[in-house]
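Heads up: the structure comes next, in structure tokens.
The values are calculated or read from the model by the stated rules, or taken from the named source; none is laboratory data. In this text the structure is predicted, and so the values were computed from the model without any measurement. Counting neighbours? That spans all protein chains shown, and the Cβs are built from the backbone with ideal geometry, glycine included.
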Amino acid sequence: EVNGITAREREEEEDKERADEIGERLDEVRREQHDRWKSQMHDVGIDLTDEEWDDAADTLSDPAKRERLRQNMMQKNLSCRNIGEAQKNMVSFSLVLVFVNLVFLSLGALLFLYVERFGVEMPLKPDQLYPMLATDGSLPVVVGLLFILGLIAAAYSSADSALTALTTSVCVDVLEIEKRPEAERVPLRIRVHVIMSIVMVILILLFKVWNDDSVIKTVFRVAGYTYGPLLGLFAFGMLTKTAVHDRWVPLIAVLSPIITFVLDTYSIQLFGGYKFGFELLLVNGAITMVGLALLSRRG
């Protein structure tokens, strides 16, 4: 103890000073980026008010808004050393994704051409075509081995990020782990991680039993219900500055998928024979936005 100040208190004070320095530096970087964007936009004839510039700068500089809170995308950008490298990473990653998607679409088309040319019987579900060809001897053995290795790698990568996100969300948002003693945190995280793993296995098994369509089609249909409220909340927040009654927002987020399900179920009767497809996501998001507009605060 020195001058009535313990080592612990001195350490906490130093940490606070470092945090303040980092915060000031981040604010400085943000202001520099804001001025740079404003100058570049002015050069091409785009002039906005100061408030509009602030909104645009916040949107472009905030990875949570740009990536719609996608944890994997955020981690890729947050691993970069500065904003410039993060921007380059986003652009290059987007271009690579376009190329990769085109490659996989082309490979899928080639598989169907292969089946048609050699008279191979199609499986009941389209997403079973490649596993069937890779493992039934129609293609070289190395193709089957590469398929199994690729499947394992993709499964581990997806499961790892999903379990990490679920564990973090439950611990932080539900169990409020930051308020617990340090000694309890690690065991709690491990327990939650194990429970989330078991839940995921059960869901996968139930999905296999109940699903009677291709996996990718079913995933997109489910996403139409689960991502709709997220899309509506994101769009409403980005496109309007309207304040809403927060306590009713969860109700809208629950009612929106229910209304969407009813519309999808009776769409043929309600819309003259029209049947919804993947556009359910847009319908769900639109319903959420309408609900949020109804919750707008007056004045």
**Asked** Looking only at the stretch 200-221, which residues are assigned to a helix (DSSP H, G or I) and either closer than 12 Å to Glu279 by Cα or of a type outside the set (A, V, I, L, M, F, W, C) (or both)?
**Response** Lys208, Lys217, Thr218, Phe220, Arg221
**Asked** For the subset of the stretch 92-128 comprising residues that are charged (D, E, K, R) and not in a helix (DSSP H, G or I), which member is surrounded by the most Cβ atoms within 10 Å (Cβ to Cβ)?
**Response** Lys125
**Request:** Any chance you could count how many residues in the stretch 249-278 are surrounded by fewer than 17 Cβ atoms within 10 Å (Cβ to Cβ) and outside any helix (DSSP H, G or I)?
**Result:** 8
**Asked** Among the residues of the stretch 236-248, is there at least one that is buried (at least 16 other Cβ atoms within 10 Å of the Cβ), under 21 Å from the mean Cα position of the chain (by Cα) and either under 15 Å from Ser296 (Cα atoms) or basic (Lys, Arg) (or both)?
**Response** yes
**Prompt:** Quick one: would you say Phe271 is in contact (Cβ under 8 Å) with a residue 12 or more places away in the chain and aromatic (Phe, Trp, Tyr)?
**Reply:** no
**Request:** Within the stretch 129-146, track down each residue that is outside any helix (DSSP H, G or I) and at pLDDT below 80.
**Result:** Asp136, Gly137, Ser138, Leu139
**Prompt:** Just one of the numbered conditions (1) exposed (fewer than 14 other Cβ atoms within 10 Å of the Cβ); (2) within 26 Å of Ser197 (Cβ to Cβ); (3) at pLDDT 80 or above is not true of Ser157; which one?
**Reply:** (3)
**Request:** Within the stretch 240-273, work out how many residues are over 17 Å from Gly224 (Cα atoms) and either touching a Cys at 6+ places or on another chain (Cβ under 8 Å) or not acidic (Asp, Glu) (or both).
**Result:** 17
